[in-house]
Amino acid sequence: MNKILGIDPLKKFIFGISAFVLLFWQLNVGAANATALREVDRTVNLNETETVVLSDQQVAKGERIFINTCSTCHNSGRTKSNPNVTLSLVDLEGAEPRRDNILAMVDYLKNPTSYDGELDLSQLHPNTVRADIWSSMRNLNEEDLQNVSGYVLVQAQVRGVAWGGGKTVN
């Protein structure tokens, strides 16, 4: 048989076909397919009385916003400045007012207050009202705020204690 560089042409052909199939398969199995969430995992509270099922695309958009805008201080749902107040469902439910639904979280991102609702935190926490201070919030519209809020709630449900875990005081 004719050999080129010591490799049999049939072996080169089989290797080439194998590489093509593997590459083609990788292009068609994207991250969204690998991380697609079940509908029950994407069902979160819209407000105090209604739920909504988020699409995989909404969760993915929320994740991108969270990573780019929030994760510096809220890595894995923890809160860098106060580890005792996290983005877990327990902590979001315990806030005053409650922040365990999309519209309440959007309200917080517009007008942040302390955990007990007593103090205005617009000088300390990124928000859309003071986008002059928090440039990362400048380009976020209502849909973006809802997507990132939905992402936080989905993570709190799916990841459980791994999302926001690590409190220093119980």
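The values are calculated or read from the model by the stated rules, or taken from the named source; none is laboratory data. Just so it is clear, the structure is predicted and the values come from calculations on it, not from any experiment. Please note: Cβ atoms are built from the backbone with ideal geometry, for glycine as well, and neighbour counts cover all protein chains shown. Note: accessible area is taken over every heavy atom of the protein model, side chains too, but ligands, DNA and RNA are not part of it. Shrake-Rupley method; radii C 1.70, N 1.55, O 1.52, S 1.80 Å.
Assorted remarks:
- Matching residues in segment 101-125 - criterion: being out of contact with any strand residue (DSSP E or B) (no Cβ under 7 Å at 6 or more places or on another chain) and not in a loop (DSSP other than H, G, I, E, B): 103, 104, 105, 106, 107, 108, 109, 110
- Annotation: of all residues in segment 114-154 being within 22 Å of the chain's Cα centre (by Cα) and among the hydroxyl-bearing types (Ser, Thr, Tyr), the one that is surrounded by the fewest Cβ atoms within 10 Å (Cβ to Cβ) is 135.
- Residues that are part of a helix (DSSP H, G or I) and among the small types (Gly, Ala, Ser), drawn from segment 126-154: 135, 136, 149, 150
- Residue 101, sole failed condition from (1) at pLDDT 95 or above; (2) surrounded by 16 or more Cβ atoms within 10 Å (Cβ to Cβ); (3) touching a Phe, Trp or Tyr at 6+ places or on another chain (Cβ under 9 Å): (3)
- Hits in segment 63-83 - residues which are open to solvent by less than 50 Å² (accessible area, probe 1.4 Å) and either touching an Asp or Glu at 6+ places or on another chain (Cβ under 7 Å) or not β-branched (Val, Ile, Thr) (or both): 65, 66, 70, 71, 74, 76, 77
- Counted residues, segment 84-98 - those being over 22 Å from residue 144 (Cα atoms) and open to solvent by less than 60 Å² (accessible area, probe 1.4 Å): 5
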